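Structure first, then comments.
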Amino acid sequence: MREPDHQVPHRPWSRLTPERRVRLTPLIMAQARAARTKALQDLLRRLWRLLLRVPFAMVAGWRAVALWHTRRRAMRELNEFDDRALHDMGIRRSEIEAAVFGRRH
């Protein structure tokens, strides 16, 4: 059976009578348990949300690494062409990195 939710007075504990202290102690304990339960629930909820994001972060990281490798390979291959072949593609040697990464000069 739950006790009614009473407010604990905001007076110094030393000014309360012993009878009042005895009556307030269970209320204070109940409020403390309720606050602890809510804090733990909030913590677990946030941890669960964080754990749900981990796989997505791992996939995004893997894709970023794969894209970086692909771009580096494209830069190596373009650097192997001579200047004439690059000119035919419309790229100068100094523009290879910008072309691979999709940036304009």
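The values are calculated or read from the model by the stated rules, or taken from the named source; none is laboratory data. These figures come from a predicted structure and were not determined experimentally. Positions of Cβ are generated from backbone atoms using ideal geometry, with glycine treated the same way; all protein chains shown enter the neighbour counts. Ligands, DNA and RNA are excluded from the accessible area calculation, which covers all protein heavy atoms including side chains. Shrake-Rupley method; radii C 1.70, N 1.55, O 1.52, S 1.80 Å.
Measuring with a 1.4 angstrom probe and ignoring ligands and nucleic acids, E80 comes out at about 150 Å² accessible. With contacts taken as Cα pairs under 8 Å and at least 6 residues apart, the chain reaches a relative contact order of 15 percent.
Ordered from largest to smallest accessible area (heavy atoms of protein chains, 1.4 Å probe), the residues H10, H87 come out as H10, H87. Each Lys or Arg adds one and each Asp or Glu subtracts one; over the other residues with Cβ under 14 Å from the Cβ of W13, this totals +4. If the chain linking R49 and L16 were pulled fully straight, counting 0.36 nm for each residue of separation and taking away their Cα-Cα distance, it would gain 7.4 nm. Annotation: per residue accessible area for the chain equals 93 Å², rounded to a whole number [probe 1.4 Å, protein chains only]. Could you tell me how many degrees, from 0 to 90 and to the nearest 10, lie between the Cα long axis of helix 18-80 and the main elongation axis, the longest principal axis, of the Cα atoms of the chain? Helix 18-80 sits roughly 0 degrees off the main axis of the chain. Each helix, a run of at least 4 DSSP H residues, gives -39500 (n - 2.57); summed and divided by the residues of the chain, these come to -25500 deg cm²/dmol at 222 nm.
Size descriptors for segment 21-60: radius of gyration and Dmax over Cα atoms are 17.6, 58 Å.
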